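Worksheet: the structure to be examined is printed underneath.
The values are calculated or read from the model by the stated rules, or taken from the named source; none is laboratory data. This structure is a prediction, so every number in the text was calculated from the model and none was measured. Heads up, the Cβs are rebuilt from the backbone with ideal geometry, glycines too, and the neighbour counts pull from every protein chain shown. All accessible areas refer to the heavy atoms of the entire protein, side chains included, with ligands and DNA or RNA removed. Shrake-Rupley method; radii C 1.70, N 1.55, O 1.52, S 1.80 Å.
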Amino acid sequence: MEIISVKKFPEYKEIAIKYFQSKWASPNSMKVYDDCITNCTTTSSPLPQWYLLMDDGKIIGCAGLITNDFISRMDLYPWVCALYIEEEYRRNTYGSLLLEQAKIDAKVGGFSHLYLCTNHIGYYEKYGFKYIGTGYHPWGDSSRIYVATL
């Protein structure tokens with residue numbers, strides 16, 4: 001398995017945009033991934049980061065490291081987002097590889113904590129995340145908020 005940081009390897013930008021869009025975007029949010037991933041390649045800021053998980057040249061997953069995951073707790077950052085593993089590769093702890101990379105890059109970026117929002121219970125706890133409360137999304141939904149100390 002290989003983790004590709006689009007920030008470090010901008011030649012993966014177009015492939016990453018298409019992959020993230022195919023997994024996470026709605027017709028109204030396609031440009032969000034395009035713009036964010038495109039601009040991560042030129043900023044000197046440690047955020048955002050976008051990762052592709054590769055198995056022998058094939059993309060099998062992805063994740064992002066961002067300033068906010070469309071959630072009300074703007075006082076908390078950075079956030080790991082858009083974690084996805086292709087179905088046939090699940091149950092092999094490959095998601096933990098992306099979570100670990102996000103933790104490493106967050107720490108290198110000077111952060112002491114990493115957050116995520118989800119409605120999954122039991123998955124992220126296996127990788128050092130602890131539930132801390134509920135956050136609210138602009139579209140009216142809520143999500144559980146987790147934190148990992150770096």
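Tell me the Kirkwood radius of the stretch 42-150: reciprocal of the mean inverse pair distance over distinct alpha-carbon atoms, in Å. Kindly include the intermediate steps, with their values, before the conclusion.
Details: mean 1/r = 0.0698 Å⁻¹.
Radius from the Kirkwood sum: 14.3 Å.
What does the charge count near TYR131 come to, summing +1 for each Lys or Arg and -1 for each Asp or Glu among other residues with Cβ under 15 Å from its Cβ? Could the numbers behind the result be given before it?
On the way: positive: ARG73, LYS126, LYS130, ARG144; negative: GLU125.
Around TYR131, the surrounding residues sum to +3.
Quick check for you: with a 1.4 Å probe and neighbouring chains kept, what is the accessible area per residue of the chain, in Å²? Working shown, then result.
Working: 8100 Å² over 150 residues.
Ligands and nucleic acids excluded, the result is 54 Å² per residue.
Could you derive backbone 3J(HN,Hα) for the stretch 111-116 from the dihedral phi with the Karplus parameters 6.51, -1.76 and 1.60 (θ = phi - 60°), listing whole Hz in sequence and x where the residue is Gly or Pro?
9, 9, 9, 10, 10, 7
Roll a 1.4 angstrom probe over the protein heavy atoms and tell me the percent of accessible area of the stretch 109-150 that is carbon or sulfur.
Values: 1250 of 2380 Å².
Roughly 53 percent of what the probe reaches on the stretch 109-150 is carbon or sulfur.
Using DSSP to call loops (not H, G, I, E or B), can you name the trypsin sites (Lys or Arg not before Pro) in the stretch 27-130 whose Cβ has at most 10 other Cβ atoms within 10 angstrom?
Passing both the DSSP loop test and the Cβ count: ARG91.
Cβ under 11 Å from CYS117's Cβ, CYS117 left aside: what net charge do those residues give with Lys, Arg +1 and Asp, Glu -1?
Values: positive: ARG73, ARG144; negative: ASP69, ASP141.
Residues close to CYS117 contribute a combined charge of 0.
Leaving ligands, DNA and RNA out of it, work out the accessible area of HIS120 with a 1.4 Å probe and give it in Å² to the nearest 10.
About 120 Å², rounded to the nearest 10.
So how far apart, in nm, are the two label points at LYS130 and LYS31 if each is 7 Å from Cα heading toward Cβ?
Roughly 4.2 nm, to one decimal.
How far apart, in nanometres, would the label points at GLU88 and MET74 be if each is projected 7 angstrom from Cα along the Cα-to-Cβ direction?
Here the modelled spin labels are 4.4 nm apart.
Give the total of Lys-Lys pairs in the chain with Cα-Cα distances below 21 Å; include a pair only if its members are 8 or more places apart or on different chains.
Close lysine pairs found across the chain: 21.
If you build the convex hull over the alpha carbons only and average its shadow over all orientations, what do you get for the stretch 56-117? Give it in nm² to one decimal. Write out the running numbers ahead of the final one.
Working: hull surface 19.6 nm².
Hull-based average projected area comes out at 4.9 nm².
What does the charge count near TYR146 come to, summing +1 for each Lys or Arg and -1 for each Asp or Glu among other residues with Cβ under 9 Å from its Cβ? Walk me through the intermediate numbers first.
On the way: positive: LYS130, ARG144; negative: GLU125.
Spelling it out: positives minus negatives among the neighbours equals +1.
Find the all-direction average of the projected area of the Cα convex hull for the stretch 1-66, expressing the result in square nanometres with one decimal place. Spell out each step's value before the answer.
Working: hull surface 16.4 nm².
Its average projected convex-hull area is 4.1 nm².
Collect residues whose amide H, placed 1.01 Å from N in the peptide plane, falls under 5 Å from the amide H of ARG73; neighbours closer than 5 in sequence don't count.
It is TYR136, by chain and number.
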